[in-house]
Every structure is written in C-alpha cells, then in structure tokens.
Amino acid sequence: PERGVINLDVLTIPNNANMLRIEVRDHGIGIEKADQKKLFREFGTIRDPVSKQLNPNGIGLGLWISQNLSDRIGGGIAVESEKGEG
C-alpha cells in the first residue's frame, strides 16, 4: 500500500485568545475546483481526478457535520486544493 503524509497544525489567532485555527494538510491527488464545494454536502459525490470514476458511496457526512458545527460556534471551514497537488 502507498503511504502518504497528513499534517495537522493548531495555531493561535493573534489578538483573539478564544479562537484557534486548525489546519489539516495532506499530499494526496488533489481535488478539482468544481468538486471542492461538494465536499461539504451530505453524501456528496465527486469524480476521482485520476481514474475519472464516480465515488458511488459519496464522501459521507464528516465534513458536512464539521461545517455545521463550525458555523454554529462562529467559525468557518474551507478547502484549498489543486488537481494533482493535494
């Protein structure tokens, strides 16, 4: 099996002791811009950028739940990715 790297950073926000920035970074295959908003939908589906196969099972609820929780406490969640760059 292939091995990848996932980085997790927890940063304090200058001038706001009550807020943290949590960054999760991986070195995967990347996500096309058109598919990035779909990550935060319930059971959204995206195409694998390499095989062009549709993920029939969807991408689940994890990011949808995370976005909803973050919104409720006044935070935010976003994705930055480019195809082929993770």
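Read-outs: derived from the displayed coordinates by stated rules, not from any lab. Keep in mind it's a predicted model, so treat the numbers as computed, not measured. Neighbour counts are summed over all protein chains in view; Cβ atoms, including those assigned to glycine, are modelled from backbone coordinates with ideal geometry.
Would you tally the net charge around L61, using a Cβ to Cβ cut-off of less than 12 Å, leaving L61 out, and scoring K and R as +1, D and E as -1?
Spelling it out: positives minus negatives among the neighbours equals 0.
Which of rounded, prolate or oblate describes the range 1-42 when judged by the alpha-carbon gyration tensor and an a/c cut-off of 1.5?
oblate
Around R21, what is the net charge, scoring Lys/Arg as +1 and Asp/Glu as -1 over all other residues with Cβ under 15 Å from its Cβ?
Residues close to R21 contribute a combined charge of -2.
Would you please give the residues with an amide H less than 5 Å from that of D26, counting only those at least 5 places away or on a separate chain, with H modeled from the backbone geometry?
Those lying under 5 Å, H to H, from D26 are N7.
Step through the residues of the range 25-30 one at a time and calculate ³J(HN,Hα) from phi using the Karplus curve (6.51 cos²θ - 1.76 cosθ + 1.60, θ = phi - 60°), rounding each to whole Hz and writing x for Gly and Pro.
10, 10, 10, x, 8, x
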